[in-house]
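The values are calculated or read from the model by the stated rules, or taken from the named source; none is laboratory data. What you are looking at is a predicted structure, and each value in this text was computed from that prediction instead of being measured. All Cβ positions, glycine included, derive from the backbone under ideal geometry; neighbour counts span all protein chains shown. Keep in mind that these areas ignore ligands, DNA and RNA; they rest on the heavy atoms of the full protein, side chains included. Shrake-Rupley method; radii C 1.70, N 1.55, O 1.52, S 1.80 Å.
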Amino acid sequence: MTKKAATKKAATKKAATKKAATKKAATKKAATKKAATKKAATKKAATKKAATKKAATKKAATKKAATKKAQEAVPGWLRQIYEEHESEALRQASRDVAAESEAYRRRFAAHDLPIIAELLFDFLPNATSVLFGLAQFYADNADDEVHRAQWISKGARPAFPHVCTPVLPEEWDELKALRARGASERGIREANQAIATRQLERGDVCDLCAMNDRLFREAKLWERLEYNGLADEAIEALAPYCKEGCHQDMDPSEAYLPYAIATRGADGPVIQVVGEVQRPWALAANRADAAARLGLMGGGW
């Protein structure tokens, strides 16, 4: 190789080395710039996030202070109503209405109905069965109130639809004579009981017909049976077993449906639930929900 060629080769190698070094430096500079840019962006994002958090904290504190100030300006009694409303709203939102209603129906059949049946069996010694009916229509306690009725028989099961056995005129005359003589409450109750027992010998009786209603009231039995209206949780539990669209002016046999039968047993009344669900959708309906409440009313006033 000539000297000239060797010199040229060395120059080419030097130029290539210089070019590689320049490229490496440029790459390093670009990487450094990119890292600096990323670091700056991260710092900027962190600063923005911290500022947003600080602003949100400040806003929440301002809102809390404003709420506290507003609450302090509200009368105590009104604040209590508001707090109770909020608490009830939270409770309603977390309820399992279907499970609660099922539990209520079990209590109703195991506890409430036997007590009522026992009272009726004590009052009417010749009664052997009681048919409990349910109906839903507007009343003073609630626009979707559920009502309970009792039909009593000396047979295995009261007939339904029910045809009431009337009290005879001479039996009313007997009661009037007792009151005219100033008989004691006990004397009037015993006379009522005797008349109702004879009435039951002639056929089934109930506590809804006008004459029997009066007879039961005068015997002080009605007070022990309690008012027939069932509200609140009873509506959610029992409304599904009622007809829709009933009202106060309907004949009881048309408005009511049988729900349970009580018969005499060795250890007290035996309850058999015979009612059938009329409105399956209502089994989980929460009366606190406006749409559900409207549905439960069924249009009956």
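Which one of these is open to solvent by less than 10 Å² (accessible area, probe 1.4 Å), in contact with a His (Cβ under 8 Å, 6 or more places away or on another chain) and touching a residue at least 40 places away in the same chain (Cβ under 8 Å): 136, 150? I'd like the intermediate steps shown before the answer.
Working: 150 fails: in contact with a His (Cβ under 8 Å, 6 or more places away or on another chain).
Going through 136, 150 in turn, just one is open to solvent by less than 10 Å² (accessible area, probe 1.4 Å), in contact with a His (Cβ under 8 Å, 6 or more places away or on another chain) and touching a residue at least 40 places away in the same chain (Cβ under 8 Å): 136.
Are there helices (runs of 4 or more DSSP H) fully within region 62-173 with at least 1 residues that are at pLDDT 90 or above and more than 27 Å from the chain's Cα centre (by Cα)? List them.
Working: elements: 76-93, 97-107, 113-123.
Those helices (runs of 4 or more DSSP H) span 113-123.
Within region 153-198, work out how many residues are loosely packed, with under 15 Cβ neighbours inside 10 Å and among the β-branched types (Val, Ile, Thr).
Summing the residues that are loosely packed, with under 15 Cβ neighbours inside 10 Å and among the β-branched types (Val, Ile, Thr) in region 153-198 gives 1.
Six or more apart or on different chains, Cβ under 8 Å: which pairs go from a residue in region 258-283 that's closer than 17 Å to residue 237 by Cβ and free of Cβ contacts under 8 Å to residues at least 40 places away in the same chain to one that's among the aromatic types (Phe, Trp, Tyr) and crowded, with 16+ Cβ neighbours inside 10 Å? Could you list them?
Note: pairs meeting the criteria are 274/259; 276/241; 277/241; 278/241.
For region 254-301, what are the residues that are at pLDDT 85 or above and polar (S, T, N, Q)? Walk me through it before giving the result.
Our first condition is that a residue be at pLDDT 85 or above; within region 254-301, this holds for 254-280.
Once the filter is applied, which keeps residues that are at pLDDT 85 or above and polar (S, T, N, Q), region 254-301 yields 263, 272, 278.
Which ones in region 228-256 are open to solvent by less than 30 Å² (accessible area, probe 1.4 Å) and either in contact with a helix residue (DSSP H, G or I) (Cβ under 8 Å, 6 or more places away or on another chain) or under 19 Å from residue 102 (Cβ atoms) (or both)? If you could, list the steps in order and put the result at the bottom.
Going through region 228-256, the residues open to solvent by less than 30 Å² (accessible area, probe 1.4 Å) turn out to be 228-230, 234-240, 242, 246, 253, 255-256.
230, 234, 235, 236, 237, 238, 239, 240, 242, 246, listed by residue number.
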